[in-house]
Structures are given as structure tokens and as C-alpha cells.
Amino acid sequence: MSDIGERVKKIVVEHLGVEPEKVVDNASFIDDLGADSLDTVELVMAFEEEFGCEIPDDAAETILTVGDATKFLEKNAKS
Amino acid sequence: MRRVVVTGLGMVTPLGCGVEPTWKRILNGESGARRIESFDVSDLQTKIACVVPRGDGSNGSFNADQWMEPKDQRKVDDFIIFGMAAAKQALDDANWHPESEEDKCATGTMIGSGIGGLNGIADTAILLKERGPRRVSPFFIPGRLINLASGYVSIEHGLKGPNHSVVTACSTGAHAIGDAARLIALGDADVMVSGGAESPISRIGIAGFNAARALSTGFNETPEKASRPYDKDRDGFVMGEGAGVVVLEELDHARRRGARIYAEVIGYGLSGDAYHITSPSPDGDGGFRSMSAALKRAGLTPSDLDYINAHGTSTPLGDEIELGAVERLLGNAASKVAMSSTKSSTGHLLGAAGAIEAIFAILAIRDNVVPPTINLDNPSVQTAIDLVPHTAKKREINVVLSNSFGFGGTNASVIIRRLAD
């Protein structure tokens, strides 16, 4: 897993309080990791904070899995 | 109307996590006051508070992880975590864990708070100013709202009956228990999880109450001496934090399931001072009328009272005004009634105060003991009422009245009696 993937995973584990081994690329935040709609808003904010980038609402709506987040951030991360 | 009894108790206080650890220290005459260490107090007039002892959960310490998932703790202010802890204790104590849809719908929540998420509001205001609106958490609002103590408890335990909350400053806990008892009496619910929770200890909380000249400022070096109701050296209340929750239940419902019954809620009175936003009316008429209303509702006379758990916050004005109102109420019965302020030990838990004090009233009945008013070295006025200085006193107690008065001139009195057929 890329460095960005590891950092994404760490944030997801912290915010959703889930086992690290469940945080795999195709895991859906809502269906597999127990997040609700507010959790996903907060996750996106945490990604923005960690990676120094802005994630517009229309992009945020396409980030449904751990892999989606990693892919988006590999392209857009500024830090 | 249907009769309402108490079948479960739970609390988190500056004297410990749990009813028995707190009660033991109350009866020992201990104080929960200490120097504030969680934030800078160097420029605050008041540098002390009655702080919940955090720890690993042993020896009566409070370990938040035992009561709420760490991921959820981050989303809420402490009053919600305290409320969750006290509610879980009370439901376990009552052995009431509704599973059928019918039982769930018959069980409601009414946990209030005086101020709610003050800390989170202050921190988020700074965040908004420094970093802008995009950094404000989606949990900012639901983690600060006063009724979310009830909300979280309802969700955690699947309680689908009335989901309500009270906000009447320092009368909150008493109003919550009184109002919840009425919902049961009127048939809106069979069981109510009811009380108050508060987490006001913060720079903005201390600064605000200091500005209102409400807090003790003269005992920063001897915090355990600061809360001294009725004593001539008292100079304001000591802020406390925590929660108190009771399980109230319709009498026959409790009997049918063989629940242990602590006591019966038999009287509840409410009144307004219509005088001033923070000062009680000097003639004490508001408190007098709320106590009188509670007695009328209970069908008792003043001489039936054995013990009064006073509002008694240790402010220069309030203590004597309440005492005057109680003397007026009791008349010739004054010499046979004991009245103490457990705030001398716990400090003032604001919206949780009335709830923990109702629990102390219940324990006074259970154990036939009056908790003391500690630090009462030199009463500022003479009275025929036994103010129970320094040490707890054994005596037969069957009927207790608990007073709570709040900013805005709001008053509540609750009367609890040993269960009699």
C-alpha cells in the first residue's frame, strides 16, 4: 500500500473506531465500516486536513470506499 | 393518578463514579473540590472546582471508555458522556433492559442540562474564527445540544417512549424528575430515565460565572473549604460537573416485574420568582410557593417532613433566603426537621444538581441517615432547624423534600417518601 494509502487507513481507523484489518481498498465507509452520513462528512474533512487539499462536495460524493479516497488523494494531495 | 416509584439510581459526581462511592464519601464529610488542572487558571479569579476524578475506573474513578466508545466521545461534550454513564448505571440498577417493542415504547428519557456543550461551543467558535467554516465538524451541533443526553441514551438503550429534555438552569434536575414522574402518572410512559447532566468547568464557564459574581473566589488555596453553605465566611458556589439519573416507574409496573423499589415520588411543585435574572427574590416567596405546591400535591403538611435537601449553594444571598422560606413553611415544626446542603461536598452541579440531590434524598430514606453540611463552622444566622454541620446523623427518615432554584427565577421542589401501601 502506498504511503497515502497508509495515512488514509490510519484516519479511517481513528475516526470510525474499526479494526485496521477491515480497512481494505474495497471497504465501503457506510456499508462495511459502520459510518453514517455525518461520519463521512467528518472523514472528508480529516482527509483535507491531513493532505492539505480541498475536496469539493461533488468529488466528496464519489468517495465511497477506502480505495476511492486513496485514489483521489494520490492525485490531489498537497502534503 | 398513577403512582410513581424510583427503581434505579446512577450518578457521576466529583466524589466518584457511581452511587455508592459518592454516597460513602458524602457521609464521611469529604469534599470534591480541588485546584483546576485541565486549563490555565492564572488570570481567573476562581481557580478551583469540584472535578470528576478521571481514572481507569477503579476505586470510584471515572473512565469514559467504560460508558461510550472512544470514537463517539470525540463527538460530544462531557455532559453527554456523564449522562450516558449515569443512565447505564440506573438502568442496570433497576434491572430494566426493555427488549420487546411494547416495553421499548413504554420507556422514555428526560435528561436535562443547564448549559449543555459549553466547552465545544467555545472551542468551535475559536476554530471558526481562526480556520473558517469548512473546519467545523458535522458533530458540532448534535454534540452540544442539551437534549442529546436524552437522545444518546434513547438510542443506546432502544428507548422509544417520550424523548424529552429540561433546561431550567440549576433547577433542571429537579424539574426533569418531577416532569418525568408526571408523564408516568398521566400514562404517557410506564418507565422514564430521568435526571440532569452538566460539564461547565472551562475557562469560559468560570469567567462567565465569575462575571456574574456567583463563584467562590476566596478559597483558592484551600479548595475543600470553599463550599460552606450557611457559614458566615461563604463567598459563592463552587462549580461542579457530573450527572444524576433515576429510573422512575409506575408502581404496579415495578411490582409486577418484582423490581426493588427505593421510594415513591409523591410531590412536585414549581414556581417563578418574577423578580431578577440571577438573584432570588429577597422574601424567598418563590421557594416558599414551590415547596408549598409540592406539599399540597403530596397531601402532606410541613410537619410530615423529616429531611430537606436544600438548594443551599453557598452564596451570600441565596442560602439565607432559602432558609427563611423553609422557616416560614415549617413554622412550629422547624425544630423537628433536619436540612442540609450536600453541595458543601459535591459543589454545585448546576443542571445535574437537582438529580443527584434527589438521589441523596432517596439514600437518606434507604439508610435512615442525614448527610452533613460540611464546613459549617459558624452559621451566619440562628435557626431552630438542624443544619447538620460537619457529620452525618442517624435518624428515622420517611419523607424528604429536595429544593432546586435556578437563574431566571425558576424553582422546583420534589417530595419523596418511603414506599407505604
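The table below lists the values:
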quantity	calculated
Carbon and sulfur %, accessible surface of chain B computed with the full protein complex present, 1.4 Å	51 percent
Drop in accessible area of at least 50 Å² in the complex versus isolated chain, residues of the stretch B:140-156, 1.4 Å probe	none
Positive-end residue of B:191, B:146, A:11, charge dipole of the protein assembly as shown with Cβ unit charges	B:191
Residue-wise HN-Hα coupling along the stretch B:86-91, computed from phi with Karplus coefficients 6.51, -1.76, 1.60 (Hz; x: Gly, Pro)	5, 5, 4, 4, 5, 5
Antiparallel bridges, percent of DSSP beta bridges restricted to the protein assembly as shown (to nearest 5)	70 percent
Along each principal axis, Cα extent of the stretch B:269-417, largest first, Å	39, 35, 30
Rounded accessible area per residue of the stretch B:269-417, 1.4 Å, Å²	33 Å²
Prolate/oblate/rounded label for chain B (Cα gyration tensor, a/c 1.5)	oblate
Amide H contacts of residue B:237 (H built 1.01 Å from N, under 5 Å, at least 5 apart or other chain)	B:215, B:216
Neighbour cut-off at most 13 other Cβ (10 Å), DSSP loop, GluC sites (Glu not before Pro), the stretch B:177-262	B:221
Members of the stretch A:6-41 that become less accessible by 10 Å² or more once partner protein chains are added (1.4 angstrom probe, chain alone as reference)	A:14, A:15, A:16, A:17, A:38, A:39, A:41
DSSP-assigned coil residues among GluC sites (Glu not before Pro) in the stretch B:317-421, each with at most 11 further Cβ atoms within 10 Å	B:396
Protein heavy-atom accessible area occluded, B/A pair - total, 1.4 Å probe, Å²	1100 Å²
Cα-Cα over 28 Å, subset of B:75/B:225; B:47/B:343; A:22/B:71	B:75/B:225
Other-chain or far-sequence residues with amide H under 5 Å of residue B:52's (modelled H)	B:241
Mean accessible surface per residue for the stretch B:4-263, computed with a 1.4 Å probe while every protein chain stays in place, in Å²	38 Å²
Antiparallel content of DSSP bridges confined to chain B, in %, to 5	70 percent
For B:344-351, mean number of other protein chain Cβ atoms within 10 Å	0
Overall form of chain A per C-alpha gyration tensor (a/c, 1.5; a/b vs b/c)	oblate
Residue-averaged [θ]222 nm for chain B, counting only DSSP H segments that reach four residues, each worth -39500 (n - 2.57)	-9500 deg cm²/dmol
Listing of the stretch B:63-95 residues, each with accessible area lower by at least 10 Å² in the full protein assembly than in the chain alone (probe 1.4 Å)	B:71, B:74, B:75
Relative contact order (percent, whole number), chain B, Cα cutoff 8 Å, 6+ residue spacing	23 percent
Ellipsoid semi-axes in whole angstrom, largest first, where each is sqrt(5λ) of the Cα gyration tensor of the protein assembly as shown	44, 26, 18
Å² per residue, accessible surface of chain A at 1.4 Å	55 Å²
Rounded if a/c under 1.5, otherwise prolate or oblate - the stretch B:353-421, Cα gyration tensor axes	oblate
HN-Hα J in Hz across the stretch B:309-321 - Karplus 6.51, -1.76, 1.60, θ = phi - 60°, x for Gly and Pro	8, 6, 5, x, 8, 5, 8, x, 7, x, 4, 6, 5
Length-normalised contact order for the stretch B:269-417 - Cα pairs under 8 Å, 6+ apart - percent	35 percent
Whole-Å distance, taken between Cα centres, linking the stretch B:53-127 and the stretch B:296-351	30 Å
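The values are calculated or read from the model by the stated rules, or taken from the named source; none is laboratory data. Everything numeric in this text was worked out from a predicted model, so none of it was measured. Methodologically, a virtual Cβ is constructed for each residue, glycine included, from the backbone with ideal geometry; neighbour enumeration extends over all protein chains shown. Just so you know, the surface numbers come from the protein's heavy atoms only, side chains and all, with ligands and any DNA or RNA stripped out. Shrake-Rupley method; radii C 1.70, N 1.55, O 1.52, S 1.80 Å.
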